[in-house]
Amino acid sequence: MPTTGKTFVPHALMTTLIAIWAGSFVVSKVAMESVTPFALVSSRFIIGALCVLPFFLCTAREQRRGTLGPGLLAGMALAVPYFLQMYGVRETTASMGGFVTGLIVLLVAVGGHFCFGARIGKLAVIGLAFGLTGIIVLCLSGDPNPAATDALQAQVVQHNTIRGILLQVGSAIGFAAHILLLSHYGSRLAIAPFTFWQLAFTSVIAIAGTLLVSGISVDGGPVVWTASLLWSFFYLGALATGIAIGVQAKVQHKISPTHLALLFALQPLFAAFAGWAFQGDQLEPIQWGGGALIVIGVIIVSRDQR
């Protein structure tokens with residue numbers, strides 16, 4: 001029985017983190033009604049870096065120096081997909097973003113094969129085919145010209161444009177690359193400084209983008225600091241980034257890869273539920289079908305022990 005308890009706790013914590021990450025799509029859409037994508041990413045990662053900073057300062061200087069190079073490389077792989085995702089969120093519903101993010105598991109399997117020589121079994125190939133079919137279905141269902149639709153249809157469909165879906169796909173590719181880098185470096189580097197460098201680098205890039213490209217406020221005026229905006233910053237920066245990354249580092253290695261992949265298959269479902277419950281997302285049947293194909297593909301890949 002003690003063994004069962006030790007197994008349950010990491011699974012429960014990881015499931016909670018995945019639910020928090022899934023909710024980020026809804027929270028991000030709310031925040032971007034007031035601030036630009038670059039400003040949102042910079043605030044998120046500044047808060048996340050501050051959460052990790054005490055642990056970073058407790059590590060030896062040698063560990064800080066030794067993790068700087070890998071941390072900056074992983075930070076680059078982390079920054080790009082976040083920017084793509086934030087711009088993609090503006091043209092996709094939270095449900096759609098969650099479904100596309102489910103591709104990460106499939107992409108990690110393929111990337112592990114080409115980058116690290118991991119074997120891909122027949123189940124993984126079948127799962128990848130399901131996932132790619134799902135993406136094609138979602139792209140075909142996207143609205144190429146939302147301005148041309150009538151007012152009622154535009155209100156529902158304009159946030160699922162083909163461009164938005166493709167931005168989310170690019171984001172999933174970047175996140176998969178980041179996961180592969182974590183697998184490559186994470187087992188032999190100190191967690192706190194390695195994590196801090198990633199968050200700090202991403203925040204610096206986002207601050208530069210905010211100052212040089214987008215500005216802070218969506219309408220160019222001063223930011224209105226509402227309770228929902230402050231809550232969004234706390235949710236994304238502290239819960240979904242700083243705290244979540246620390247907990248993930250503590251529990252993820254205690255879960256088998258197969259179980260972990262199955263847990264991540266829940267993220268699209270959590271995101272779809274959050275989008276329906278809090279924003280009234282209304283996906284077309286063909287879009288639900290494409291999302292279901294991605295989830296099925298992830299589950300099939302997770303069963304491939306190779």
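Please treat every number below as a calculation from the coordinates, not as lab data. What you see is a predicted model; the values in this text were computed from it and never measured. Virtual Cβ from ideal backbone geometry, glycine too; neighbours counted across all protein chains shown.
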note = region 33-71 scanned against label point 7 Å out from Ser217 along Cα→C-beta; backbone N under 17 Å for 33-40
note = PRE zone check, label point 7 Å out along Cα-to-Cβ of Ala227, amide N under 16 Å, scope region 18-35, hits none
request  = Along each of the three principal axes of the Cα atoms of region 1-74, give the extent in whole Å, ordering the values from largest to smallest.
outcome  = 50, 38, 21
ask   = With a Cα-only, solvent-free Debye model of region 206-306, what are the log10 I(q)/I(0) values at q = 0.12, 0.16, 0.17, 0.18 Å⁻¹?
value = -0.69, -1.03, -1.07, -1.10
task = At 7 Å along the Cα-to-beta-carbon direction for both Arg188 and Leu140, put a label point, then send me their distance in nm to one decimal.
result = 4.6
inquiry  = What are the ³J(HN,Hα) couplings of region 131-137, residue after residue, when phi is run through the Karplus curve with 6.51, -1.76, 1.60 and θ = phi - 60°? Round to Hz, x for glycine and proline.
reply    = x, 5, 4, x, 5, 4, 4
query = If you build a Gaussian network model of the chain, linking Cα atoms that sit under 10 Å apart, which residue out of Ala265, Ala277, Ala49 swings the most?
reply = Ala277
key: Dimensions in Å of the chain - Rg and Dmax from alpha carbons   = 19.2, 61
Gaussian network model of the chain, springs between alpha carbon atoms under 10 Å - residue of His178, His11, His113 with greatest fluctuation = His113
message = Output wanted: per-residue J couplings in Hz (rounded whole) for region 61-72, from phi through Karplus 6.51 cos²θ - 1.76 cosθ + 1.60, θ = phi - 60°, x for Gly and Pro.
response = 4, 4, 5, 5, 5, x, 9, 4, x, x, x, 5
task = For the chain, set up a Gaussian network in which alpha carbons nearer than 10 Å are linked by springs, and say which option among Gly48, Gly246, Gly131 fluctuates the most.
result = Gly246
inquiry  = Whole angstrom only: what separates the Cα centroid of region 197-261 from the Cα centroid of region 39-109?
reply    = 7
key: Förster radius 51 Å - calculated FRET efficiency between Ile126 and Gln279 (Cβ-Cβ, nearest 0.05)   = 0.90
inquiry  = Tell me which chymotrypsin sites (Phe, Trp or Tyr not before Pro) from region 43-73 have a DSSP coil assignment and no more than 14 other beta carbons within 10 Å of their own.
reply    = none
query = Expressed as a rounded percentage, what relative contact order does the chain have, with Cα pairs under 8 Å and six or more residues apart?
reply = 43
